[in-house]
Structures are given as structure tokens and as C-alpha cells.
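The values are calculated or read from the model by the stated rules, or taken from the named source; none is laboratory data. Note that the structure is predicted; figures quoted are calculated from it, not measured. Please note: Cβ atoms are built from the backbone with ideal geometry, for glycine as well, and neighbour counts cover all protein chains shown. Accessible surface is based on the protein model in full, side chains and every heavy atom, while ligands, DNA and RNA are left aside. Shrake-Rupley method; radii C 1.70, N 1.55, O 1.52, S 1.80 Å.
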Amino acid sequence: MDQLVIRGGKALSGDIRVSGAKNAALPLMAAALLSEEPLQLTNAPRLVDVRTIAKLLRFMGVEVEGDGTPNIRLCAQNLTRPEAPYDLVKTMRASVLVLGPLAARCGRARVSLPGGCAIGPRPINLHLMGLEKLGATIRLDQGYVEVQAHRLKGARIAFDFQTVTGTENLMMAGVLAEGTTILENAACEPEVEDLGRLLNAMGANVEGAGTATITIHGMPAVGGASHLIIPDRIEAGTFAIAAAITGGDLTIHECQPAHLESVIAKLEEAGVRIHSGATTLRVTGVGRPRAVNLRTHPFPGFATDMQAQMMALMTIAEGRSVITEAVFENRFMHANELLRLGADIAIAGNTAFVQGVPKLWGAPVMATDLRASASLVLAGMAAQGRTVVSRVYHLDRGYEAIERKLTTVGADIERVRA
Ligand code: EPU
């Protein structure tokens, strides 16, 4: 198992490039299931999660070429096995994104229930409620969800609360349903909007993706398409905090600052200097940041996927920061590891009270999930001395070549095999 050995205390400076968005790439790849014709995706990130969904799609009979490169070609002409086995789903919850397209295209699907994960229980009840509204019959059998439907029928689906992959699943299902599907209180994340763009390029008729009401006029079939994946806003935000936490000066290229407004606003409130261009972000850290309070929220609010990284920054802030995690139930696993680096954090329920300290000190720490790992790398870069982050496989799921990118701009990070 790989570890990252970080020698902290180096200010980062220079130019760093953002890859394509993981959380856009996964639903876009699942959308290939809707059509017999090929899908060409460019700007794909080279990530373990992308390879996992490629593996899952191949298992179903989809031809996938180029996963592990920025250009992925998928063709689901022959869907032989509309099934997602437990072994693949358990390593990546996003595998559940095949449920909607399979139900729509094949009229049946058998997908393992994802089960618990490190950031909370994460049920899929809203995905299933939506499919039932579209006329599917759902049965649970030995840990699998079995969906049956002759042809899905458009319906009005109002979500109790916003779910990103739930919205994406039902959007894809609606594309091949008979009649019109209206999703209310839909997730507004840029990745949902990107999926809407791809579906329309395939010939679907989707209106309002990226807003709270999405209307999908169903049709019997859709074709192939070529599509450029949007930049990863969470990777860009992580780099912004890397500049801030090391007192550095980074220009982040190929990002979309419009997707990062709430992160930019919080960093500015903390005293970090930010200059946004059309596709660039220059971030300059000046001394210790000021403590700021924040609460996670669906887009355009402060993303839960940036909470751990922001907490790392707040550990060295002047003053006390109150961070409330309102999207997931149990997403503070990084806090205990940050304590090992000398941070002062108290947790009460879904709120973390972070009293800034002047300095962090290197120590061995353990990554527990993807964004928690990123926060430990950030804290390690700010800490005095040597930090060893173990269980780096979490990081590799969602950050492309992170140590190479950060090393290029002055970090001292080495990957070693433990
Ligand atoms: N929820 C339910 N029932 C459902 C669906 C969701 O109770 O049927 C709850 C969840 O347990 C959670 C909340 O609703 O408390 C929101 O979850 P959501 O469904 O939006 O999350 P997701 O779609 O499973 C995606 C991202 C996550 C990101 C969240 C929130 C992908 C592949 N994953 O997950 O990304 O944290 O939205 O923005 O898009 C990550 O990249 O590190 C990551 C975890």
C-alpha cells in the first residue's frame, strides 16, 4: 500500500493545471448505457474511480477504450448483462449511476445496494422512489435492487431534498421514458448540468439541468455524441487551499471560477487574495488566515467535498472557526487525524469547533476517505517536519497524480511503497 511522505513548510508557487471532473466523468460514462451508438469523452481524469466504472461497464458488455487516458470511447451496442455486482459497487458508490439508464434501456437491472461508507449511511431511497414513480417495480433480493419495467413512463418527481446522483439517475431514466418527466428540487451541481449537456448532444430533450426543476421529454432512442468534460471544481478548490495554507502563490489553470464562488468567497473572507480570470484562478496566501465559519450546502453553497480541506486551513487560522457539516452525517473523520498534527478541534454532533494554532507538526496520519485524505496532504504541507499519509488509495480515487502536480509547484512529497 502506498504512502505519501511530506516534508512540510514549503510555500507553493507557480502554475498548476486542473483535470476533468471525477463527479462529471462517472455519470457521463454511465450515460453510454442509454445508446447503441458510441460516446466520445475528452478531458477525462486519470483516476481509479474512472477505471472502476469502466470495469463495471465492460462487465455489462459495453466496449470501453482509453480509460486511463483523457479520451474515452464507450459503445453500449451489446448490453449483455444489466447487472452491477457487489464487488464493484462496494468499492465505489457511484456505481449506482447505472441503475437509471439500465432500467430505461433494458427494462430491467440488478444492482447491488451500496451499503455504508466512511462518510455516513448514504441510502438510495430517493433514486428508488423516483424509478417507482416512472413505473418501475422494485424488489430487494439478497442485497441487490432488482428493477423491472416494460417501458418507463414520464412522471413528476419531487425530491424531499437534493441528491446529486439521484437527480442524475432519474434524468437518464427520463430520457428514454414515454412522455415527460419533471424533476423538482433537483440537484443544481455543475456536474448535473454537464450531464444535461451530454444527453442533449445525444439527441435527448432535457431542459433546466443545473436548476432545481429539470424537464425531460422522453424519446424511444438516443444516439452517440462527443463531449468535453468540465474541470474538477473540487480539485481546483483543493489547489486554492494548497496555496493559502502554505502561504504560497499559485495560478490554477483550466478551471471554471464560476463553479467555485462559495469557496472563493470563504477564502477571501479568510484574508486569502484571489484573482479570477475566465479559466484561471490566482491564489496568494498572506500570513495566517483569519478564522471563518461555514456550513456545507448543496450547490451553489459551500460544497461538502471542500469541507475537510477548509478545516485543514482553519487549523492554522487566527481565531476560532465553526464548521457545520449539513450534507452528510459523519464527515469529520479527518478531524482526529488533524489532531495528530497538533490541531485544536472539538466536535459536537455535526459541528466542528476549530481553534487555530500558530503551527502544525508533522506526524503519521491515516486517510479515511477521499476528501479527508486531501485535507491531510494540505495540513502535511503546512506542518513543520515530516508527515506520512497512509491509505493513499483513497486519494487516488479522485485526484489525478496529486503528488506530481504539487511537487511541480514546490511541494516536497514522495510516494513510497509501505
Ligand atoms: N441521500 C438519501 N437518500 C438518497 C440519496 C441521498 O438520504 O436516496 C442523502 C445522502 O445520504 C446525503 C445527502 O442525501 O446525506 C446528499 O447526498 P447525494 O445523494 O447528493 O450524494 P451522492 O450523489 O451520493 C455526490 C458526489 C459526492 C458528494 C455528494 C454531495 C458523485 C459521484 N458523488 O454523492 O462526492 O459529496 O454528491 O455533493 O457525484 C466525493 O467526490 O468525494 C464525493 C463523496
Q: Show C188, C106 ordered by accessible area, largest first, where the area counts protein heavy atoms only and the probe is 1.4 Å.
A: C106, C188
Q | Surface per residue (accessible, 1.4 Å probe) for the chain, Å² | A | 37 Å²
Q. Averaged over all directions, how much area does the convex hull of the C-alpha atoms of the stretch 158-279 cover when projected, in nm²?
A. 8.5 nm²
Q: Report the local net charge at L39: Lys and Arg +1, Asp and Glu -1, summed over other residues whose C-beta lies under 12 Å from its C-beta.
A: -3
**Q.** Against the rule of thumb 2.2 N^0.38 Å, how large the Cα Rg of the stretch 294-418 comes out
**A.** 1.01
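Nearest-5 percent of antiparallel DSSP beta bridges in the chain?
Details: 54 of 80 bridges.
Roughly 70 percent of the DSSP beta bridges within the chain come out antiparallel.
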**Q.** Accessible heavy-atom area order of Y399, Y86, highest first, probe of 1.4 Å
**A.** Y86, Y399
Q: Would you calculate, for the chain, the mean residue ellipticity at 222 nm contributed by helices, counting each DSSP H stretch of 4 or more residues as -39,500 (n - 2.57) and dividing by all residues, to the nearest 500?
A: -9000 deg cm²/dmol
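Going through the cross-link list K22/K133; K10/K405; K10/K266; K359/K405, which pairs have a Cα-Cα distance over 18 Å in this structure?
Pairs exceeding the cut-off: K22/K133; K10/K266; K359/K405.
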Q: Please identify the helices of the chain, taking whole runs of DSSP H, that span at least 15 Å along their own axis as judged from the Cα atoms and have a mean Kyte-Doolittle score of 0.0 or higher.
A: 48-59, 164-175, 233-245, 370-382
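Given a 1.4 angstrom probe, I'd like the percentage of the accessible area of the stretch 245-288 that is carbon and sulfur, rounded to a whole number.
The C+S portion of the solvent-accessible surface of the stretch 245-288 is 48 percent.
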(Q) Loop-only GluC sites (Glu not before Pro) in the stretch 207-272, please: DSSP not H, G, I, E or B, and at most 15 other Cβ atoms within 10 Å. (A) E254
Q.
Can you tell me which of A84, A265, A31 moves the most in a GNM of the chain? Springs connect C-alpha atoms under 10 Å apart.
A. A265
Q. What percentages, rounded to whole numbers, describe P(r) for the chain computed over all alpha carbon pairs with 10 Å bin width beginning at zero?
A. 5, 23, 32, 24, 13, 4, 0
Q) Dipole of the chain (Lys/Arg Cβ +1, Asp/Glu Cβ -1, origin at the Cα centre): which of G349, A173, A278 lies farthest to the positive side? A) G349
Q) For the stretch 149-214, which whole percent of the accessible surface, found with a 1.4 angstrom probe, sits on carbon and sulfur atoms? A) 49 percent
Q) What number comes out for the charge environment of G107, summing +1 per Lys or Arg and -1 per Asp or Glu over other residues with Cβ under 13 Å away? A) +3
Q: Determine how large the accessible area of D160 is when every protein chain is in place; take a 1.4 Å probe and give Å² rounded to the nearest 10.
A: 130 Å²
